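Below is one structure, written out as structure tokens; the observations come after it.
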Amino acid sequence: MIKPIRKAVFPVAGLGTRLLPATKTMPKEMLTIVDRPLIQYAVDEAREAGIEQMIFVTGRGKSTLVDYFDVSFELEATMEKAGKSLEPLAPTKVRNGEIVSVRQQQPLGLGHAVWCARDIVGDEPFAVLLPDDLMVGQPGALKQMVDAYAEMGGNIICAQEVAADKTSSYGIITPGETRGTATEVFGLVEKPKPEDAPSRLGVVGRYILQPELMDILGKGERGAGGEIQLTDGMAQLIGKQPFHALKVDAVRHDCGDKAGFVLANLALALDRADLRPRIEEFLASRG
Ligand code: G1P
């Protein structure tokens, strides 16, 4: 029996140092791509994939992420009085209990952040979404993964070929047999140097994971950068449970990086019929 994926963990406690100074007082997940913050894209992707409960793992200075999905009484009352439509606020409306948050009280790494959600996740498989990996696909990346999970079960991580000189920015997969878009995962290593990398198949920030991972992460073993790494925890499940990497049909924008952030804005604005003409005109004027 394959249990459905009902819950998703959003590790959003990170400091966003690659985007300073913008992220000094503004969570990176609240930075805007066209007209909505990064976190909105991740939540929408999770909703599309059938996720019923979103668990934000936040930290100090990240309260605006939770406020964003709350009712803004003053704003709504003022807009209504002025006869303005409340429609632009629709994506921020959540069912009571749809979004919950826990704090990561120490910056001990991604694996630790996921572990902080253990009591809310409980004994069921769950998804993890890293919002600064903005995935644009139809259907969305997580929906494609949930559909694959319905057939394969076990653990599924999203994967993409990365440039040979960029392996030290990613979890890298030792690949086994490939069938269609799914590759068996034989090994995982966090941020290896190019000369040590087992392949160029990198982990992208979308995961479907089994609850046994939480006990492994709870051991608090340190890995790359002295942090409790999600990649190392996952590696300990290999061989015990089915473990696949899935190449999804979606474009990834690394919005934790300045150029990636600007390109995401450009790409998504070009996808919008109301914005495209002006942007194309500007690009043409720049040759
Ligand atoms: C994290 C993970 C890494 C993964 C990457 C995807 O790294 O630790 O395994 O490949 O996300 O974006 P980070 O980018 O947080 O350093």
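The values are calculated or read from the model by the stated rules, or taken from the named source; none is laboratory data. Since this is a predicted model, take the numbers as computed values, not measurements. We place every Cβ from the backbone using ideal geometry, glycine too, and count neighbours over all the protein chains shown. Protein only, heavy atoms only, side chains kept; ligands, DNA and RNA dropped before computing areas. Shrake-Rupley method; radii C 1.70, N 1.55, O 1.52, S 1.80 Å.
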note = When the stretch 203-216 is checked residue by residue, the ones that are part of a helix (DSSP H, G or I) and surrounded by 15 or more Cβ atoms within 10 Å (Cβ to Cβ) are E212, L213, M214, I216
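Being within 15 Å of the ligand (Cβ to nearest atom) and over 25 Å from R103 (Cα atoms) narrows it down to one residue among A148, A127, A141; which is it? Before you say what the answer is, go through the steps one by one.
Numbers: A148 fails: within 15 Å of the ligand (Cβ to nearest atom); A127 fails: over 25 Å from R103 (Cα atoms).
Going through A148, A127, A141 in turn, just one is within 15 Å of the ligand (Cβ to nearest atom) and over 25 Å from R103 (Cα atoms): A141.
Residues are listed down the side, and each one gets a yes or a no for (1) in contact with a helix residue (DSSP H, G or I) (Cβ under 8 Å, 6 or more places away or on another chain); (2) open to solvent by 90 Å² or more (accessible area, probe 1.4 Å); (3) within 16 Å of the ligand (Cβ to nearest atom):
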{"position": "A8", "(1), (2), (3)": "yes, no, yes"}
{"position": "L15", "(1), (2), (3)": "no, yes, yes"}
{"position": "G50", "(1), (2), (3)": "yes, no, no"}
{"position": "F69", "(1), (2), (3)": "yes, no, no"}
message = Quick test for you: out of G205, G223, pick the one residue that is within 13 Å of the ligand (Cβ to nearest atom) and modelled with pLDDT under 95.
response = G223
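Specify which of the listed residues (R200, R276, R222) is over 23 Å from the mean Cα position of the chain (by Cα) and basic (K, R).
Values: R200 fails: over 23 Å from the mean Cα position of the chain (by Cα); R222 fails: over 23 Å from the mean Cα position of the chain (by Cα).
Of the residues listed, the single one that is over 23 Å from the mean Cα position of the chain (by Cα) and basic (K, R) is R276.
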Selected residue (criterion: most open to solvent (accessible area, probe 1.4 Å)) from residues of the stretch 245-273 that are away from the ligand (no atom under 16 Å from the Cβ) and over 19 Å from P37 (Cβ atoms) = D249
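Could you tell me which residue of the stretch 151-170 is most open to solvent (accessible area, probe 1.4 Å), considering only residues that are within 14 Å of L246 (Cβ to Cβ) and within 13 Å of the ligand (Cβ to nearest atom)? Reasoning before the result, please.
Just the residues of the stretch 151-170 that are within 14 Å of L246 (Cβ to Cβ), to begin with: 151-161.
Filter once more, so that each one left must be within 13 Å of the ligand (Cβ to nearest atom): 157-161.
Details: I157: 0, C158: 1, A159: 7, Q160: 54, E161: 97 Å².
Within the stretch 151-170, the match that is most open to solvent (accessible area, probe 1.4 Å) is E161.
For residues that are of a type in the set (G, A, S) and more than 14 Å from the ligand (Cβ to nearest atom), tally how many sit in the stretch 235-244. Walk me through how you get there before you give the answer.
As a first pass, look at the stretch 235-244 and keep what is of a type in the set (G, A, S): 235, 239.
Among the residues that remain, those that are also more than 14 Å from the ligand (Cβ to nearest atom) are: 239.
Counting residues in the stretch 235-244 that are of a type in the set (G, A, S) and more than 14 Å from the ligand (Cβ to nearest atom) gives 1.
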query = Is one or more of the residues making up the stretch 186-202 within 25 Å of I51 (Cα to Cα), open to solvent by less than 70 Å² (accessible area, probe 1.4 Å) and out of contact with any Asp or Glu (no Cβ under 8 Å at 6 or more places or on another chain)?
reply = no
query = Going through the stretch 114-148 one residue at a time, which ones are open to solvent by 10 Å² or more (accessible area, probe 1.4 Å) and more than 18 Å from H253 (Cα to Cα)?
reply = W115, C116, R118, D119, I120, G122, D123, E124, V146, D147, A148
Among residues of the stretch 230-287, those that are in a helix (DSSP H, G or I) and touching a residue at least 24 places away in the same chain (Cβ under 8 Å), counted = 13
query = Taking T181, is it modelled with pLDDT of 95 or more, within 15 Å of the ligand (Cβ to nearest atom), in contact with a strand residue (DSSP E or B) (Cβ under 8 Å, 6 or more places away or on another chain) and among the hydroxyl-bearing types (S, T, Y)?
reply = no
Yes/no for T23 being hydroxyl-bearing (S, T, Y) and open to solvent by 50 Å² or more (accessible area, probe 1.4 Å) = no
query = Give me the pairs: first residue in the stretch 159-177 and assigned to a helix (DSSP H, G or I), second residue of a type in the set (A, V, I, L, M), beta-carbon distance under 6 Å, and six or more apart or on different chains, which are they?
reply = T167/A197
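Quick grid of which residues meet (1) without any contact (Cβ under 8 Å) to a residue 40 or more places away in the chain; (2) in a helix (DSSP H, G or I); (3) under 22 Å from K219 (Cβ atoms):
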residue	(1), (2), (3)
L89	yes, yes, no
R95	yes, no, no
S101	no, no, no
G111	no, yes, yes
V114	no, yes, yes
M135	no, no, no
M145	no, yes, no
